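S.K.: Quick one: this structure, given as structure tokens, is what I'll be asking you about.
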Amino acid sequence: MTKYIIVTGGVLSGLGKGVTTASIGLILKSRGIKVDVCKIDPYLNVDPGLMNPYQHGEIWITKDGYEADLDFGHYERFLDIELTSKHNITTGKVYLSVLEKERKGYYLGQTVQIIPHVTDEIKEQIYQIAQINNPEVLIVEIGGTVGDIEGMPFLEAVRQMRREHGKENVLFVHVTLVPIIRGEQKTKPTQHSVKELRSIGIQPDIIVCRCQEPLQEETKAKIALYCDVSKIDVISNHDVESVYEVPLIMEEQKLGDNIISKLNLKEKKNEIKKWKKFIEKTKNLKKKVKIAIVGKYVGMEDTYISIVEALKHAGYSLNAKVDVLWVDSEKIEEDESELKVLSEVDGILVPGGFGKRGSEGKIKAIKFAREKNIPFLGICFGFQLAAVEYARNVIGLKNANSTELDKDTPYPVVDLLPEQRNIKQLGATMRLGEIEVDVKENTIAYKIYKSKKIYERHRHRYEINPEFIETFEKHGIVFSASSDNGRRMEILEIPNHRFFIATQFHPEFKSRPLKPAPVFKAFVEACLNKKGE
Ligand code: GLN
């Protein structure tokens, strides 16, 4: 039977519960234990696809095209796994299912209530996730903080799970904050948070404390005493240079052994040394590159977290540290002299995006990269805008645009496909998830991927307008990959440029710390070469 580790959080949101969850997974996986991870989001949205990234950070796209919370990115990157829509439970999904059952008469005339009907549904959905891959351990992260009204039914459901399956099968990990005030590590917020948890019947087994510095022994002892756990169960999760170090600092505090003994698991091997070696390597990178990300939500690093991680992964494999320069495309739009910051970088990346705001600034940045022969990588919206820029400034199609940005453009070089042009509603019209892409031989893309068939994740509505493909190609653009029997363009490249590649798909979602995405690696390599010249 699958065992469960339930991860809750207290005191504040944004404590890195996702990284803690992923790190616990990595620790267990490196001991040969089969793990899977899922996330509970206690909001009423059925999925986060229509949520504003200002509010919510990045949207992560799973292989099966589900628009998930960015924590899914941590899980996939740390554990090198692929999750699905089924690995996410939201209040919206739970209620949708309960209400559908109610309408079908499933509850046989009973009064349908939060306890037991909603809590039963929650447990059932968790058990179904365990059936997808049959892991030995399923780690369940519950979003939000203890005490939130939204989270209550979920906490009640996992409390029942512990009662039903016992402490050898269900383990509670609680993540809190230990602030430092005038030099002193403060345990009160943790005490209160644990008290709150206990008031609903959950006694944590392990308490992971976020802190700016390592927890002192006295701090651990105090938390242990007040929260009724052993000192070894209090884990210091202090600030480190890179999130990938977190599993190591937890392992140093014997978290792996501790969980294994509490859940009565069997260790099959211990490969944490491999991870340790990797971390040591990332701390001693010999080279450096500076790459500009030109985006709209800059200042909100979470919005582009996968892009930044993909750049880092590529850097690790090339022995290079990647410094990111955040450039606000709206500033460039307002004042062209802002472009001068781009002369200091070794590469320019324009990521995915939606809508008009800041788009002209991105187009200017792309023009700058193209004309100044600076390595350029465009992703999704960045790909589409690279086509717009080329159409306007090289082919001479005045006011060419994407119809997403200008419905009346005389040259709709990026447009919806004809069959989509009459669809009115926003939901469920995006092309999402992993799709097979055909790569043309004798292209830069082929050199990068070394394969005629690749599989990459997508999230877009618009396409290069098929009516303009010939025009583009006549003027020097190479569309080196396509999908949907050649109907949709997937990669564009400019052959006589130092490195100018843009992809309709999102390569960042398949990048892993030890397996960088090929396009990112080629891009960072080009940036290093430019720097070396
Ligand atoms: N807005 C563009 C589209 O819908 C690009 C989307 C993206 O960058 N993810 O096609």
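Read-outs: derived from the displayed coordinates by stated rules, not from any lab. Values in this document were obtained by computation on a predicted structure and should not be read as measured data. Glycine also receives a Cβ, built like all others from the backbone with ideal geometry; neighbour counts cover every protein chain displayed.
S.K.: Inverting the mean 1/r over all pairs of different Cα atoms, compute the Kirkwood radius of the stretch 271-331 and quote it in Å.
M.R.: 12.8 Å
S.K.: If you plug each phi of the stretch 372-385 into the Karplus form 6.51 cos²θ - 1.76 cosθ + 1.60 with θ = phi - 60°, what whole-Hz ³J(HN,Hα) values come out, in order, with x for Gly and Pro?
M.R.: These are the phi-based 3J(HN,Hα) values: 8, 6, 9, x, 9, 10, x, 10, 6, 4, x, 5, 5, 6 Hz.
S.K.: Helix 188-199 sits at what angle to the longest principal axis of the chain, using alpha carbons and giving 0 to 90 degrees rounded to 10?
M.R.: Its long axis makes an angle of about 70 degrees.
S.K.: Using 28 Å as the Cα-Cα cut-off, could you pick out the over-long pairs in 17/273; 188/283; 356/515; 17/531; 231/266; 39/356?
M.R.: Over 28 Å Cα-Cα: 188/283; 356/515; 17/531; 39/356.
S.K.: Assuming a viscosity of 1.306 mPa s and a temperature of 10 °C, what translational diffusion coefficient in µm² per second does Stokes-Einstein assign to the stretch 372-464, Rh being the Kirkwood radius over Cα pairs?
M.R.: Diffusion coefficient, whole number: 105 µm²/s.
S.K.: For the Cα atoms of the chain, what angle does the longest principal axis make with the long axis of helix 119-133, in degrees from 0 to 90, nearest 10?
M.R.: Computed tilt is about 60 degrees.
S.K.: In whole Å, what is the distance between the alpha-carbon centres of the stretch 201-225 and the stretch 491-511?
M.R.: Value for the Cα centre distance between the two parts: 46 Å.
S.K.: Stretch residue 82-residue 337 to full length: gain in nm at 0.36 nm per residue minus the Cα-Cα span?
M.R.: Here the segment from residue 82 to residue 337 would lengthen by 87.5 nm.
S.K.: If you keep only loop residues by DSSP, which trypsin sites (Lys or Arg not before Pro) in the stretch 217-285 have at most 14 other Cβ atoms within 10 Å of their Cβ?
M.R.: Answer by residue number: 254, 266, 268, 269.
S.K.: Further question on the same structure: Using only Cα atoms, what is the ratio of the radius of gyration of the chain to 2.2 N^0.38 Å?
M.R.: It is 1.04.
S.K.: Mind jotting down the distance between the C-alpha centroids of the stretch 146-194 and the stretch 385-452, whole Å?
M.R.: Computed from Cα coordinates, the inter-centre distance equals 47 Å.
S.K.: Now a separate question. What distance in nm separates the simple spin-label points at residue 470 and residue 408, each placed 7 Å from Cα in the Cβ direction?
M.R.: 2.9 nm
S.K.: List 305, 477, 149 from most exposed to least, where exposure is judged by having the fewest other Cβ atoms within 10 Å.
M.R.: 149, 305, 477
S.K.: How many percent of all Cα-Cα pairs in the stretch 212-254 sit more than 15 Å apart?
M.R.: In whole percent, the long-distance tail amounts to 42.
S.K.: Going by C-beta contacts inside 10 Å, put 161, 152, 250 in order with the fewest on the left.
M.R.: In increasing order of surrounding Cβ atoms, one gets 152, 161, 250.
S.K.: Please enumerate, by chain and number, the lysines with C-alpha under 16 Å from the C-alpha of residue 195, excluding those fewer than 8 residues away in the same chain.
M.R.: Once the sequence-local lysines are set aside, what remains near residue 195 is 186, 222.
S.K.: Let me ask another. With n ≥ 4 as the cut-off for DSSP H runs, can you work out [θ] at 222 nm for the chain, using -39500 (n - 2.57) per run divided by the number of residues, rounded to the nearest 500?
M.R.: The per-residue figure over the chain is -10500 deg cm²/dmol.
S.K.: To test your reading of the geometry: what angle, between 0 and 90 degrees and rounded to tens, separates the Cα axis of helix 217-227 from the longest principal axis of the chain?
M.R.: The two axes meet at around 70 degrees.
S.K.: Here is a further query. For the residues 308, 46, what sequence is obtained by ranking on other C-beta atoms within 10 Å, fewest first?
M.R.: Listing 308, 46 from fewest to most nearby Cβ atoms yields 46, 308.
S.K.: Still on this structure, please answer the following. Using DSSP, restrict attention to beta bridges with both residues in the chain and report what percent are antiparallel, rounded to the nearest 5.
M.R.: 35 percent
S.K.: Spin-label point model (7 Å from Cα, Cβ direction): what's the residue 200 to residue 13 distance in nm?
M.R.: 1.5 nm
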